[in-house]
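Data block below; observations after.
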């Protein structure tokens with residue numbers, strides 16, 4: 001029972017490089033989310049996708065783009081990485097009801113030099 | 001917008017009871033959730049309160065007072081493995097229901 005799978009687990013980039021973080025869930029959830037977590041901070045929502053084919057900005061979307069490839073997969077892209085984007089990125093998924101818990105992946109630890 | 005306040009750190013000993021408080025300000029409030037995170041790993045869901053009152057799940061209980069914009073997580077019979085960060089999160093509605101997380105409370109359980 002894999003749940004939410006994120007790849008890669010670790011990545012080091014140079015400023016200006018681009019990369020895509022991958023996320024897949026096998027729980028048949030409609031909703032998926034990308035968060036970043038910085039030291040001493042809670043999880044901040046970057047983008048979310050309420051259902052296949054839709055995406056919306058969260059609290060901190062600048063510098064990121066997303067693609068909801070299908071119901072299972074939701075990717076996060078950094079087009080031109082900046083040191084301020086050094087963070088731990090978590091992907092999550094949930095059912096459609098408002099009281100449904102979010103299930104998180106193990107995170108991607110991203111450092112930008 | 002939304003804002004949540006919770007203590008940054010709480011310490012306790014094994015076997016004790018600890019309460020982690022959370023106050024929030026939000027519009028379109030749906031409910032309050034609690035998540036646990038060990039050592040920067042994947043956050044895991046603990047509880048959800050959509051209505052006022054107490055929800056109990058084993059050693060953990062969570063309480064909500066909507067009129068006071070306040071909730072808490074109560075951990076009983078503390079164990080060393082309960083050392084972790086605990087996040088409250090409000091579910092609010094502004095076109096779609098999303099979660100806004102507090103900054104987290106680090107719980108340190110000592111022998």
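When Rg and the Kirkwood radius Rh are both evaluated on Cα atoms of the range B:69-111, their ratio Rg/Rh stands at 1.11. Short-range pairs are left out: with C-alpha atoms under 8 Å and at least six residues apart, the relative contact order of chain A is 36 percent. Ellipsoid semi-axes for the range B:22-111, based on the Cα gyration tensor and the rule √(5λ), read 24, 15, 10 Å when sorted largest first. Partner shielding of B:58-65 amounts to 0, given as the average count of beta-carbon atoms from other chains within 10 Å of each residue beta-carbon. Summary value for the range B:40-111: 20 percent relative contact order, contacts being C-alpha pairs under 8 angstrom separated by 6+ residues.
If you rank A:34, B:34 by fewest surrounding Cβ atoms within 10 Å, what's the result?
B:34, A:34
The distance between label points at residue B:9 and residue A:82 comes to 3.2 nm (points 7 Å beyond Cα on the Cα→Cβ vector).
With Cα atoms defining each centre, the range A:1-57 and the range B:75-108 are spaced 19 Å apart in the structure. Across the residues of B:101-107, average count of Cβ atoms on other protein chains within 10 Å? Across the residues of B:101-107, the mean count of other-chain Cβ atoms within 10 Å is 3.
For peptide B:42-51, the mean count of partner chain Cβ atoms within 10 Å of a residue's Cβ comes to 4. When only Cα pairs below 8 angstrom with a gap of at least 6 residues are kept, the range B:1-80 shows a relative contact order of 32 percent. Here's the picture: a label point sits 7 Å out from the Cα of residue B:108 along the beta-carbon direction, and within the range B:47-91 the residues with their amide nitrogen under 12 Å of it are B:84.
What does the highest-first list of A:91-97, B:97-103, A:26-32 look like by mean Cβ count within 10 Å?
In decreasing order of mean packing, A:91-97, B:97-103, A:26-32 become B:97-103, A:91-97, A:26-32.
The simple Förster model, with R0 at 25 Å and r as the Cβ-Cβ distance, assigns residue A:10 and residue B:21 a FRET efficiency of 0.10. The average projected area of the range A:1-86, computed from the convex hull of its Cα atoms over all directions, is 5.8 nm². Packing here is the average count of other Cβ atoms within 10 Å per residue, and on that basis the peptides B:81-90, A:2-11, highest first, run B:81-90, A:2-11.
Each reported figure results from applying straightforward, stated rules to the coordinates on display, with no laboratory input. The shown structure was predicted, so the numbers you read here are calculated from the model rather than taken from an experiment. Note: ideal-geometry Cβ built from the backbone for every residue, glycine included; neighbour counts use all protein chains shown.
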